[in-house]
Amino acid sequence: MKIIHCADIHLDSSLSAHLDERRAKMRREEILNTFLKMIDYAAAHEVQAILIAGDLFDARRVQAGVRAAVESAIRRHPDIGFYLLRGNHEASGFLDALEEIPENLKLFGEEWTTYCLNPSVKGNIMLTGAELAPGKTEELYDSLVLDYDRFNIVMLHGQQNNYTSKNRAEVIALGKLRNKGIDYLALGHVHEFHCEELDRRGRWCYSGCLEGRGFDECGEHGFVLLDVDEESLAYQYRFVPFASRTLRVLEVDVTGCTAFSGMEDAVEDALAESEFSPEDMVKIVLAGRVDVTVEKHVDLLSRRLAERFFFLKIYDETKLLVDYDSFLLDMSLKGEFVRQVKAAELDEETKATVIRYGLQALAGEVME
Ligand SMILES: [Mn+2]
């Protein structure tokens with residue numbers, strides 16, 4: 001039996017941190033489309049259950065069109081069971097708007113709810129899930145009782161931790177879930193795929209999100225495909241990369257560049273080596289130390305490179321370097337200014353910034 005484990009789709013999130021409204025709208029549609037494509041994939045590969053481990057939606061308010069698309073995808077696939085865990089109860093907006101809950105949409109509450117995923121066949125693959133409520137998690141772990149002779153999937157949404165934290169409601173205490181007969185702990189909340197051993201029997205796994213949204217979600221994203229043998233109850237799992245677009249961060253060390261052209265070349269070389277796709281969202285971070293006299297024109301460089309990717313932004317995190325010796329014998333106002341600043345009671349970073357602005361002002365340039 002094939003099962004998909006996904007989480008953290010965050011449908012209908014604003015995405016306004018980096019993108020303008022036109023591209024944010026496009027990206028929202030892409031994320032919805034990837035979710036719908038995953039359902040098509042499930043149908044094509046005879047997947048019988050889709051586990052959504054929380055955060056299907058970004059917020060309670062969901063656009064009617066998005067709600068309708070999700071509802072119709074669920075209704076169009078009556079042979080697939082959709083097991084929807086609410087992360088931060090963000091799905092209540094979607095559920096409240098449904099006239100009736102489709103028969104193949106299965107929900108969970110604050111107590112454990114168990115579903116049999118293969119009732120008409122062997123009846124031996126079980127899914128148990130609960131929505132973590134503040135202050136009640138301790139009793140929840142104690143009340144988890146599974147049948148050791150069956151295949152047990154447990155689904156939760158929260159931050160895994162090996163001990164119980166009193167302050168944070170959504171901490172999943174892995175230690176309390178060991179030796180309970182769990183074969184696969186399907187988790188949501190962490191937006192990156194991660195799978196590890198839970199105990200001698202099972203493993204815990206975050207599927208990660210389907211599409212990266214911000215630059216803290218770089219690299220591959222997708223879902224987990226489980227294949228459980230209903231006879232032996234042995235299983236295999238595999239991460240399936242599925243995102244339509246990838247976010248990338250590229251750090252370029254521009255130390256030693258003596259002019260803007262050198263920095264431009266360094267960025268071009270790094271991009272040529274990176275093999276990024278034009279569809280990618282790219283963040284370039286300029287790092288290293290650059291002489292205080294070098295004009296960086298970061299905005300100009302951003303604009304020139306932006307056309308090559310869906311999105312590109314350059315962050316200047318270079319530190320300024322002041323070559324005081326080169327001003328030592330400079331008898332002009334410039335030299336006097338640099339020497340004055342050098343003698344001032346300021347830290348090196350501030351001195352460098354003051355000198356940079358001072359030199360720009362003395363040269364009659366617009367400061368940036
Ligand atoms: Mn999330």
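Only the coordinates and a few stated rules stand behind these numbers; no lab work does. Computed from a predicted structure; not experimentally measured. Because the Cβ atoms are built from the backbone with ideal geometry, glycine has one as well, and the counts that use them run over all protein chains shown.
One table, with the values for the structure above:
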| item | result |
| --- | --- |
| Bins of 10 Å, starting at 0 and running to the largest distance - Cα pair percent for segment 1-144 | 10, 39, 34, 15, 2, 0 |
| Orphan Cys of the chain, criterion: no other Cys C-beta under 4.7 Å | Cys6, Cys116, Cys209, Cys218, Cys257 |
| Value of relative contact order over the chain, rounded to a whole percent, pairs C-alpha under 8 Å and six or more apart | 12 percent |
| Cα gyration tensor category, rounded, prolate or oblate, for segment 247-362 with a/c compared to 1.5 | prolate |
| Relative exposure of Asp8, Asp330, Asp142, judged by other C-beta atoms within 10 Å (fewest first) | Asp142, Asp330, Asp8 |
| Euclidean distance of C-alpha centroids, segment 98-118 and segment 1-26, integer Å | 24 Å |
| Order of Val47, Val249 - criterion: other Cβ atoms within 10 Å of each residue's Cβ, fewest first | Val249, Val47 |
| Ascending count of other beta-carbon atoms within 10 Å, so fewest first, for Val282, Val240 | Val240, Val282 |
| Relative contact order [Cα under 8 Å, 6+ residues apart], segment 22-106, whole percent | 34 percent |
| Gaussian network model of the chain, springs between alpha carbon atoms under 10 Å - residue of Leu321, Leu56, Leu127 with greatest fluctuation | Leu321 |
| Beta bridges per DSSP with both ends in segment 110-240, % antiparallel, nearest 5 | 45 percent |
| Area projected by the alpha carbon convex hull of the chain, averaged over all directions, nm² | 23.6 nm² |
| Length released on extending from Ser232 to Glu103, taking residue separation times 0.36 nm less the Cα-Cα span | 43.5 nm |
| DSSP-assigned coil residues among GluC sites (Glu not before Pro) in segment 290-346, each with at most 16 further Cβ atoms within 10 Å | Glu295, Glu307, Glu317, Glu345 |
